[in-house]
Amino acid sequence: MGSIAQVEPMTTARTLRGPFDYRLPQELRGGVVDVGSMLVVPFARRHVLGVVVGMAERSEVAEERLLAPLRALDDGPPALPVELVALAEWIAAEYCSTIARALTLVLPPGAARRLSGRKRRRTFVRTEHLPVGARRPEPPALTPAQERALRSLNAALDGRTFEQSLLQGVTGSGKTEIYLRVAASALAQGRGAIVLVPEIALTPQIVGRFQERFGETVAVLHSRLRPGERYEEWRRLRTGEARVCVGPRSAVFAPIERLGLIVVDEEHDASYKHEGDPRYDARDVAAQRARCSGALLLLGSATPRPESVRLAASAQSAGPAQPSRLLRLSARVDGRPLPDVRVLDMRGESAGLHPLTAQALAEVRAARGKAIVLLNRRGWSNFLSCRSCGRVWSCPQCDVSLVLHRHRGFLACHHCGHREPAPERCERCGSISVARHGAGTERVQHDLTAALDGDGRFPVFRLDADTVGGEPAGADPGMSKGPRAPGGIATLLRRFEAAESGVLIGTQMVAKGHDFPDVTLGVVLDADATLRFPDFRAEERTFALIAQLAGRVGRGSEGRVLVQSIAPEARAIVHASRHDSDGFLAGELERREALRYPPFSHLIRIVCSAVESAPARAAASALAASLQASLIDPGGAGRASIGGTADTAFGAGVLGPAALFRLRGQERQVLVVKAPERRPAVRAVGEAVRCVADDRAHRGVSFGVDVDPQ
Ligand code: ADP
Ligand code: ZN
Ligand code: ZN
């Protein structure tokens with residue numbers, strides 16, 4: 001047993017090069033402190049929390065010069081399982097971050113608070129496993145397709161080595177039942193399971209089904225928990241009292257030992273990417289964790305990502321022994337067909353609703369039915385202009401227009417949160433004629449209520465970040481503490497469910513995994529809104545949005561979907577209207593290959609920001625030159641050119657620099673590195689950024705690195 005603990009102090013400084021050696025006093029030796037232990041250590045004249053990442057017999061620093069930790073935070077076994085310490089190290093390297101920052105992801109809830117406050121020590125006593133499934137309802141008999149999928153997954157689990165499978169099943173095809181069965185198999189082997197879901201509040205049903213099936217052995221980690229409750233759930237997992245964890249992306253760090261299974265439900269969902277530092281992708285972290293634990297990774301979706309499909313298909317063709325499989329459920333369990341999808345051409349239409357949409361809604365109302373309307377734009381109208389002088393109201397901090405929130409009486413920037421009172425008149429010319437352009441969900445709710453609910457018998461419910469509290473951009477949707485009232489989403493969904501008849505209008509939130517059997521009409525307004533994003537995933541997103549909304553419709557009876565679009569021939573829209581996932585994915589993969597987008601490359605996005613544009617541009621150019629030398633042209637052959645698409649025989653390329661719109665008062669320049677392999681590219685980018693950031697010529701410029709941006 002070592003007498004030296006190698007400790008990472010939990011500081012946010014980017015420049016530190018840890019770990020640092022500490023001499024353990026006698027009482028902390030002999031296994032009391034080990035990898036994963038949390039210590040309070042003296043560091044830079046402060047006392048900070050540190051995590052032990054290694055143990056050693058001796059140090060390069062003379063023993064008498066080494067400091068000793070003040071105390072250990074826990075008695076008994078280390079707070080963190082060794083696997084999670086290793087996982088944090090992997091994340092730091094893979095996402096160009098620091099180990100300290102990555103470790104904060106895996107620490108027990110409230111660890112930082114315990115440093116300053118109470119001195120209570122905690123002990124983890126491992127408990128025996130509880131019996132599983134004693135008084136549970138009988139699970140349904142599987143369909144033949146489910147049987148086949150389960151057999152293959154159980155075989156993968158029995159191998160006890162890393163395997164990855166993709167379960168591609170249309171909405172309502174019984175994927176969740178498969179997750180439950182495979183989790184039961186993992187538990188029967190004495191192993192644990194993690195089930196990742198996009199957002200707990202939007203998918204309360206899946207949590208309920210796990211609890212119903214497995215009882216106390218399920219722990220749920222999410223934001224509505226008070227800190228004490230969260231710690232308690234974490235503790236139950238750490239001790240083995242609970243061995244199944246259901247939660248949003250951060251649940252991938254659940255402290256479960258002997259992990260057998262990680263499920264990623266709705267694997268296409270963008271919320272699996274974390275936008276803080278480290279900008280990790282929970283799907284990749286799940287793959288790494290499964291690899292290290294010899295576990296099965298099961299991705300499930302009706303609209304899987306092209307990346308996942310390609311991986312699964314290539315392993316499949318390489319033979320059955322390959323560690324990846326593609327499993328299909330191509331029909332709904334209840335045998336109902338998917339709803340008819342009709343695309344409505346909005347070119348030449350002046351009203352917000354196509355006449356056929358208006359008619360369909362009126363029919364649903366007459367039949368006392370329910371409809372869901374999706375419009376991916378919050379607020380009343382998305383910009384205002386002066387009819388006399390043409391002035392457009394825009395954010396003082398960002399180069400974007402302000403969105404009118406009429407009911408609350410303000411204009412808001414959806415990028416930085418800036419707010420100002422809604423104008424009565426133009427300050428520039430004094431005109432009181434202010435034009436409102438582009439309807440958002442608030443406006444459509446108002447118009448639909450006026451048109452359809454004169455008698456209060458056809459209520460129009462609205463589900464978006466304004467009615468149920470906002471998700472700050474990039475926050476973990478399940479773990480954020482937004483201003484939202486507790487249970488806001490759940491309450492709203494329950495009201496819609498309980499209503500005899502009515503409409504649910506909202507942003508993409510309305511297309512997530514809800515299961516309302518009596519919805520017979522789905523409407524997508526401005527389906528092109530997501531297509532207009534300057535992003536190579538725009539088509540994939542649009543396809544998924546329409547397909548997912550269609551999945552909410554006709555679950556209990558016949559249903560249909562209307563898609564309003566000014567680009568009715570767009571590939572994503574045409575394929576979605578035919579429920580043709582395979583056709584869409586094949587075309588999408590072809591396009592990605594031609595353009596060398598993921599999965600045919602990895603992207604790293606580097607943003608240089610500064611108050612003035614010149615320094616940001618200078619730093620971005622310096623970075624581009626440096627990356628050109630290290631990444632693309634290490635031998636000096638000079639094949640690539642900066643400033644354009646620069647793909648070379650090596651496969652790596654640099655795009656940009658290009659200007660982004662000003663955000664929070666910062667001028668921004670972006671570079672995108674395309675590389676065949678992630679690790680070496682991340683390393684090269686990390687070095688280049690460090691080098692440019694250290695150069696005094698670029699003082700005042702800050703740098704953000706996003707590996708595999710979403
Ligand atoms: P998905 O996750 O693919 O949307 P679910 O697993 O939620 O599908 O299944 C849809 C519905 O069908 C659920 O109500 C579920 O309880 C039910 N179900 C799933 N499998 C079966 C089965 N084999 N027999 C009967 N009902 C089933
Ligand atoms: Zn004006
Ligand atoms: Zn702004």
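Annotations
- ARG592 over 21 Å from HIS268 (Cα atoms) and crowded, with 16+ Cβ neighbours inside 10 Å: no
- Answer from LEU167, LEU142, LEU196 - the residue that is near ligand 1 (Cβ under 8 Å from one of its atoms), aliphatic (A, V, I, L, M) and either without any contact (Cβ under 8 Å) to a residue 60 or more places away in the chain or under 26 Å from LEU549 (Cα atoms) (or both): LEU142
- Failed condition for PRO144, given (1) over 24 Å from ALA242 (Cβ atoms); (2) in contact with a strand residue (DSSP E or B) (Cβ under 8 Å, 6 or more places away or on another chain); (3) surrounded by fewer than 20 Cβ atoms within 10 Å (Cβ to Cβ): (2)
- Verdict on ALA331 being part of a loop (DSSP other than H, G, I, E, B), within 24 Å of VAL434 (Cα to Cα) and more than 16 Å from ligand 2 (Cβ to nearest atom): no
- Those residues of the range 507-551 which are touching a Phe, Trp or Tyr at 6+ places or on another chain (Cβ under 7 Å) and surrounded by 24 or more Cβ atoms within 10 Å (Cβ to Cβ), in sequence order: PHE543
- Enumeration of residues in the range 376-412 that are away from ligand 2 (no atom under 15 Å from the Cβ), assigned to a loop (DSSP other than H, G, I, E, B) and over 27 Å from VAL523 (Cα atoms): CYS395, PRO396, GLN397, CYS398, ASP399, VAL400, GLY409
- Within the range 1-55, considering residues that are small (Gly, Ala, Ser) and outside any loop (DSSP other than H, G, I, E, B), the one farthest from ASP277 (Cα to Cα): ALA5
- Just one of the listed residues (LEU344, LEU356, LEU338, LEU404) is within 16 Å of ligand 1 (Cβ to nearest atom) and of a type outside the set (D, E, K, R), and it is LEU338.
- Residue match in the range 303-320 (condition: at pLDDT 95 or above, surrounded by fewer than 20 Cβ atoms within 10 Å (Cβ to Cβ) and either of a type in the set (Phe, Trp, Tyr) or away from ligand 2 (no atom under 16 Å from the Cβ) (or both)): no
- For the range 466-499, filtering for residues that are closer than 18 Å to GLU275 by Cα and at pLDDT 80 or above leaves 0.
- Note on the range 289-307: residues that are outside any strand (DSSP E or B), within 16 Å of ligand 1 (Cβ to nearest atom) and out of contact with any Ser or Thr (no Cβ under 7 Å at 6 or more places or on another chain) total 1.
- Where ARG419 falls short, out of the listed (1) within 16 Å of ligand 3 (Cβ to nearest atom); (2) touching a residue at least 40 places away in the same chain (Cβ under 8 Å); (3) farther than 25 Å from VAL561 by Cβ: (2)
- Only residues that are part of a helix (DSSP H, G or I) and surrounded by fewer than 24 Cβ atoms within 10 Å (Cβ to Cβ) were counted in the range 162-177, giving 2.
- For SER250, the conditions (1) touching a His at 6+ places or on another chain (Cβ under 9 Å); (2) modelled with pLDDT of 95 or more all hold with the exception of (2).
- Applying the criterion of being among the polar types (S, T, N, Q), in contact with a His (Cβ under 8 Å, 6 or more places away or on another chain) and more than 13 Å from ligand 3 (Cβ to nearest atom) to the residues of the range 380-416, the residue that is nearest to ARG462 (Cα to Cα) is SER381.
- Checked against the criterion of being touching a Ser or Thr at 6+ places or on another chain (Cβ under 6 Å) and either free of Cβ contacts under 8 Å to residues at least 24 places away in the same chain or within 12 Å of SER381 (Cα to Cα) (or both), the candidates LEU404, LEU411 yield just one match: LEU404.
- Condition met for ARG428 (at pLDDT below 95, more than 32 Å from the chain's Cα centre (by Cα), in a strand (DSSP E or B) and not aliphatic (A, V, I, L, M)): no
- Any hit, the range 355-374, residues being within 27 Å of the chain's Cα centre (by Cα), within 16 Å of ligand 3 (Cβ to nearest atom) and either within 30 Å of GLN666 (Cα to Cα) or touching a residue at least 60 places away in the same chain (Cβ under 8 Å) (or both): no
- Once the range 449-468 is narrowed to residues that are within 32 Å of the chain's Cα centre (by Cα) and aliphatic (A, V, I, L, M), the residue that is farthest from ALA201 (Cα to Cα) is VAL460.
- Checking LEU448 against (1) within 16 Å of ligand 3 (Cβ to nearest atom); (2) surrounded by 16 or more Cβ atoms within 10 Å (Cβ to Cβ), the condition it does not meet: (1)
- Within the range 320-339, residues that are within 22 Å of ALA290 (Cα to Cα) have Cβ atoms under 7 Å from residues that are in a loop (DSSP other than H, G, I, E, B) and at pLDDT 85 or above in these pairs: PRO323/PHE162, counting only partners at least 6 apart in sequence or on another chain.
The values are calculated or read from the model by the stated rules, or taken from the named source; none is laboratory data. A quick note: this is a predicted structure, and the numbers were derived from the prediction, not measured. Using ideal geometry, Cβ is built from the backbone for each residue, glycine included, and neighbour counts are taken over all protein chains shown.
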